[in-house]
Amino acid sequence: KPLRDLAWGLAERGVAVLRYDKRTFAYKERKAELIGTMTVNEEVIDDALAAAALLRGTEGVAPERVFLAGHSLGALLAPRIAERDGRLAGLALLAPSARPLQQSMLEQARYILGLDGRIDEREQGYLDRLARETHAVDLLMISGEPTTTSMLLGAPPSYWLSLRGYDAPAAAAALKLPLLILHGGRDYQVTDVDLALWRAALKERNDATFQEFPALNHLFIAGQGPSSPYEYNQPGHVDESVIDAIAKWIK
């Protein structure tokens, strides 16, 4: 439960935290009904904006000192959230991807299936299907006009179109607020390629802070050797150095 670790760790360091369930979890019995027209607004952005507004009206919270911490997809979308909010004090981005989401998903699948050193016929068939769907998403992003209502990579066309033209590092570079970017060196989901793209986009910014943690995975939990999804099933906690870094940066 890495987000619980972050919430408790920051609270212990004097940073008030509001943590909440995503709609896709809170309303999972309605997920099939909602998924057909879902966008990143319903999945992430609208509730993050509501959370920031709620904090500003909460006794004991300085309204001008509300920060947003996002992990993975939340980190990718944080610049868009900040742009729409207009009042955030800063963004802490944990494992933010820089490349189109559909391309990252295909790359992750290839990595996972290749961990045993071979790709069998069944696995290759799966990768070929993902590649076709990735290509369909790429074409959708170019045209802006869906040619199907079918799910692509587990999401409807409306979801992909809500990401059309979005470049997270460029969006972050246009913001006038402090940025903290944290990266785990053993992260196979958001890799050094993404980190390099973030560094390039923010190289002119003296208020963008980068911190790397060589031994940590995508969940910012320590381990050894190549990371894998099986590692996520092992008990562990977010490394204290990550929580320290966020708390010190906020303060």
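The values are calculated or read from the model by the stated rules, or taken from the named source; none is laboratory data. As the structure is a prediction and not an experimental result, all values here were calculated from the model. Neighbour counts run over all protein chains shown; Cβ positions are idealised from the backbone, glycine included. Only protein heavy atoms, including side chains, enter the accessible area calculation; ligands, DNA and RNA are left aside. Shrake-Rupley method; radii C 1.70, N 1.55, O 1.52, S 1.80 Å.
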> Is region 1-128 rounded, prolate or oblate when judged by the Cα gyration tensor, a ≥ b ≥ c being the square roots of its eigenvalues, rounded requiring a/c under 1.5 and prolate requiring a/b larger than b/c?
Replying inline: prolate
> So how far, in whole Å, is the C-alpha centre of region 18-67 from the one of region 175-209?
Replying inline: 24 Å
> Which pairs, out of Lys1/Lys22; Lys22/Lys176; Lys176/Lys251, put more than 20 Å between their alpha-carbon atoms?
Replying inline: Lys22/Lys176
> Can you give the relative contact order of region 75-167 as a percent, counting alpha carbon pairs under 8 Å and 6+ residues apart?
Replying inline: 22 percent
>> Using a 1.4 Å probe on the protein heavy atoms, what percent of the accessible area of region 1-49 belongs to carbon and sulfur?
In response: 54 percent
>> Charges at C-beta only: +1 for Lys and Arg, -1 for Asp and Glu. How large is the resulting dipole of the chain about its Cα centre, in Debye rounded to 20?
In response: 500 debye
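Looking at the chain, send over the antiparallel percent of its DSSP beta bridges, to the nearest 5.
Details: 2 of 17 bridges.
That works out to approximately 10 percent antiparallel.
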> Counting only protein chains, not ligands or nucleic acids, how are Met141, Met38 ordered by accessible area (probe 1.4 Å), most first?
Replying inline: Met141, Met38
> To the nearest 10 Å², what's Leu18's accessible area with a 1.4 Å probe?
Replying inline: 70 Å²
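Between rounded, prolate and oblate, where does region 37-77 land on the alpha carbon gyration tensor, with a ≥ b ≥ c its root eigenvalues, rounded for a/c under 1.5, else prolate if a/b exceeds b/c? The partial results should precede the final answer.
Details: a/c = 4.18, a/b = 1.87, b/c = 2.24.
Taking the square roots of the gyration eigenvalues as a ≥ b ≥ c, region 37-77 is oblate.
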> How much accessible surface area, in Å² rounded to 10, belongs to the heavy atoms of Asp239 with a 1.4 Å probe?
Replying inline: 50 Å²
> Which value in Å is the Kirkwood Rh of region 138-251 over different Cα pairs?
Replying inline: 16.7 Å
>> Using protein chains only and a probe of 1.4 angstrom, how many square angstrom of His218 are accessible, to the nearest 10?
In response: 10 Å²
> Residue farthest toward the positive end of the dipole of the chain, with Cβ of Lys/Arg at +1 and Asp/Glu at -1: which of Ala78, Gln102, Leu34?
Replying inline: Ala78
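When only DSSP loop residues count, what trypsin sites (Lys or Arg not before Pro) in region 28-106 have their Cβ near at most 16 other Cβ atoms within 10 Å? Write down the numbers at each step before the final one.
Working: sites: Lys28, Arg30, Lys31, Arg56, Arg65, Arg80, Arg84, Arg87; in loops: Arg87.
Of the trypsin sites (Lys or Arg not before Pro), the ones in loops of region 28-106 whose Cβ has at most 16 other Cβ atoms within 10 Å are Arg87.
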>> Normalised by the empirical 2.2 N^0.38 Å for globular proteins, what value does the Cα Rg of the chain take?
In response: 1.04
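Shape of region 163-220 from its Cα gyration tensor (a ≥ b ≥ c, root eigenvalues): rounded if a/c is under 1.5, otherwise prolate when a/b > b/c, or oblate? Each step should come with its number before you reach the end.
Values: a/c = 2.30, a/b = 1.45, b/c = 1.59.
Because a/c hits 1.5 or more and a/b fails to exceed b/c, region 163-220 counts as oblate.
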> Along the charge dipole of the chain, which of Ala172, Gln124, Asn233 sits closest to the positive end, that is, farthest toward it, with unit charges on the beta carbon of Lys, Arg, Asp and Glu (+1, +1, -1, -1)?
Replying inline: Ala172
>> Counting just the Cα atoms, what span does region 110-167 cover along each of its three principal axes? Round to the nearest Å and put the largest first.
In response: 38, 25, 16
>> 5 Å is the cut-off here: which amide hydrogens, built 1.01 Å from N in the peptide plane, fall below it relative to Ala69, excluding neighbours closer than 5 in sequence?
In response: Ala92
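Would you mind calculating the relative contact order of the chain from Cα pairs under 8 angstrom and at least 6 residues apart, reporting the percent as a whole number? Could you put the intermediate results ahead of the total?
Working: 328 pairs, mean separation 53.5, N = 251.
Once divided by the residue count of the chain, the mean separation gives 21 percent.
Heavy atoms only, probe 1.4 angstrom, no DNA, RNA or ligands counted: give me Lys176, Lys248 ranked by accessible area, highest first. Walk me through the intermediate numbers first.
Details: Lys176 195, Lys248 155 Å².
Solvent-accessible surface, decreasing: Lys176, Lys248.
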